[in-house]
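Okay, so here's the structure we're looking at.
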Amino acid sequence: MFEYKKLALAVSLVFVTTACTDAVSEQTTTPAETQASAAENNSQAVAQTESEKANQLFEDIFMENVMRSPMYQSYLGIKKDQDKWDDISDAAKQEELELQKKHLERVMAIDESKLNEQTKLSWMLMKQKLENEIADFKWRHHNYPVNQMFGLHSSVASLLINQHGISEVGDAEDYIARLNGLPALFDQLAENLKLRAEKGIIAPKFVYPYVISDSKNIITGAPFDDGEASALWADFNKKLDGLEIDDEQRSALVASAKQAMLESVKPAYESLIAAVKGIEKQATTKDGAWKFPDGEAFYNNALQRTTTTDLTAEEIHKIGLSEVERIHEEMRGIMKKVGFEGTLQEFFVHMRNNDDFVYESTEEGRKRYLDEAKAIIDDMRGRLDELFVNKPKAGLIVKAVEPFREKSAGKAFYQQPSMDGSRPGTYYANLYDMASMPTYQMEALAYHEGIPGHHMQIAIQQELEGIPKFRRFGRYTAYSEGWGLYTEKLPKEIGLYEDPYSDFGRLAMELWRAVRLVVDTGIHDKKWTREEGIDFYVTNTPNAKADAVKMVERHVVMPGQATAYKIGMLKIMELREKARTELGDKFDIREFHDVILGNGPVPLNILEQFVNDYISEKKNA
């Protein structure tokens with residue numbers, strides 16, 4: 001990793017210089033020089049002590065936050081509070097604010113001048129993180145706690161199924177305790193929805209049918225009715241089957257789980273559905289963040305946090321339009337290569353309606369898609385040495401999104417490994433609508449979510465040594481999603497995307513992210529309607545209209561988030577071109593990627609400084 005290499009180089013140079021000097025002037029060292037040397041050694045010892053003190057503080061802050069969140073503990077593979085849910089009350093948010101202020105005071109008490117380079121970076125990132133969280137407290141209600149993309153209505157079931165393992169009886173008892181804890185959690189959720197409604201922060205009308213449908217899905221099937229086993233019931237019983245326990249103990253656990261589902265889970269969801277339906281009556285069709293109290297200021301702040309830049313909504317909008325035009329031109333080149341005669345828009349229609357690029361919406365078709373996605377990832381895994389110095393230890397699996405949430409979930413996403421690596425990373429492909437997963441996009445999608453995309457970046461990040469956990473498990477969306485989009489293009493440079501249609505798929509996905517810049521700012525800054533956003537996607541991309549609808553609806557409920565991908569990718573490409581131009585024959589793509597990944601996620605301006613330091617070091621080597 002670049003930062004560690006730089007520190008190691010500095011230490012080794014000091015050692016070599018000292019050793020040579022001692023060999024030459026062993027008999028001529030004066031008392032004054034001895035005192036100066038002792039003072040320097042003492043200073044180094046103080047610096048090390050201050051760095052150790054700072055790193056311990058960073059660990060304490062991270063773990064204090066983790067231990068306040070039983071749900072995040074489960075994502076990290078920590079079992080301490082796995083019988084509980086988070087406290088999501090507004091009172092808990094106030095407590096977190098006071099805690100963040102105390103944490104910032106402790107961070108500011110550290111003497112930055114006495115820190116080594118790596119710890120100084122950690123100090124700066126922690127300071128910025130806390131300052132941003134404190135400043136953003138005023139925007140804590142400017143969101144929709146339940147929507148078609150995420151929310152406790154679906155995430156509690158997802159967590160139990162995907163993160164809450166059962167390897168002993170105590171785990172099963174904790175699972176049941178969580179089932180029984182849902183009424184209290186959903187009461188807090190309903191109160192949060194009511195609080196936002198009182199402030200005029202109400203999701204648009206289109207959101208509610210998704211939330212209600214997903215919620216009903218959780219309580220459909222046995223033991224809630226006479227149908228097939230519900231997702232939770234099937235999960236609990238399957239996990240229980242893996243335990244070596246006697247029949248009496250197993251029967252007792254099954255009975256307790258069934259009781260919890262009927263007396264806690266079902267009433268909790270029914271109560272939540274009623275609360276959501278009540279708020280739905282107040283909903284309008286206004287989509288943009290401009291409708292919020294101080295909506296313009298909120299959105300500008302959201303863009304800054306997401307992109308880690310000072311780009312304005314207008315600047316991002318113009319970048320998007322420029323990138324759309326550039327990618328359209330590249331697509332015309334592929335159109336000629338495959339012999340299509342007509343306009344680009346006609347080619348889009350051809351690709352959109354061509355059944356040759358869509359697998360059947362059957363169990364066999366879905367299995368074929370997953371098998372081929374795995375094969376793409378396995379092939380890329382075998383070529384990583386061409387592009388990377390370091391590779392992750394954690395494994396990667398490919399799964400379809402579970403039926404209970406596939407209707408509303410995104411097209412594809414990645415779930416990080418557990419903290420100890422015992423649970424692999426997961427690339428989820430949403431195969432609910434096979435027409436939205438054309439085979440010509442399969443290659444780029446697998447690279448983005450799997451290898452060399454998010455799995456490389458996030459698994460390596462979690463396995464980094466010598467940096468505090470808040471950086472190993474932290475996120476900067478422009479960095480991580482910029483990397484994901486960059487790695488869609490990267491395989492082309494080693495000869496992949498041999499099929500021109502797959503290369504078109506790569507461009508189609510990059511185009512999709514360029515259009516995001518236009519539409520996100522269009523909706524939230526320029527007051528575009530949902531329909532205007534959908535029309536822009538359909539006119540300018542080959543994707544199905546269903547994709548466009550889902551993406552625009554994502555823009556609406558996650559203001560600014562979708563701008564991170566293209567802004568991050570453009571910065572990484574810009575930095576790589578700068579390094580290649582300035583270093584010439586000394587440029588090594590493997591080293592460049594080590595610079596990008598070797599310190600974990602950082603804001604884009606810090607990433608730029610890393611690359612500048614790398615260029616200077618290589619030039620002076």
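Below are the figures for this structure:
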read-out	value
Among the residues listed as Gly466, Gly450, Gly505, the single one being on the phi > 0 side of the Ramachandran plot, touching a residue at least 40 places away in the same chain (Cβ under 8 Å), out of contact with any Gly (no Cβ under 7 Å at 6 or more places or on another chain) and assigned by TED's automatic domain parsing to the domain that holds Asn354	Gly466
Only listed residue being surrounded by fewer than 16 Cβ atoms within 10 Å (Cβ to Cβ) and more than 30 Å from Gln128 (Cβ to Cβ), chosen from Ala548, Ala544, Ala621	Ala621
Positions within region 424-444 being farther than 19 Å from Lys545 by Cβ and under 17 Å from the mean Cα position of the chain (by Cα), in sequence order	Pro424, Gly425, Thr426, Tyr427, Tyr428, Ala429
Selection count, region 266-309, where residues are crowded, with 17+ Cβ neighbours inside 10 Å and within 15 Å of Ala190 (Cα to Cα)	7
Filter result for Glu481 (at pLDDT 95 or above and closer than 24 Å to Phe62 by Cβ)	yes
Region 524-578: number of residues that are assigned to a helix (DSSP H, G or I), β-branched (Val, Ile, Thr) and under 26 Å from Glu330 (Cα atoms)	8
Neighbours by Cβ (under 9 Å, 6+ apart or cross-chain): first from region 382-401, free of Cβ contacts under 8 Å to residues at least 60 places away in the same chain; second of a type in the set (A, V, I, L, M, F, W, C) and part of a loop (DSSP other than H, G, I, E, B)	Ala400/Leu431; Val401/Ala409; Val401/Leu431
Of the criteria (1) under 28 Å from Lys550 (Cβ atoms); (2) surrounded by fewer than 21 Cβ atoms within 10 Å (Cβ to Cβ), which one Phe388 fails	(1)
Answer residue from region 486-538, given it is among the acidic types (Asp, Glu) and within 25 Å of Glu553 (Cβ to Cβ) and is surrounded by the most Cβ atoms within 10 Å (Cβ to Cβ) among those	Asp520
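The values are calculated or read from the model by the stated rules, or taken from the named source; none is laboratory data. Note that the structure is a prediction, hence the values are computed from the model and not measured. Ideal geometry is used to build each Cβ from the backbone, glycine not excepted, and the neighbour counts take in all protein chains shown.
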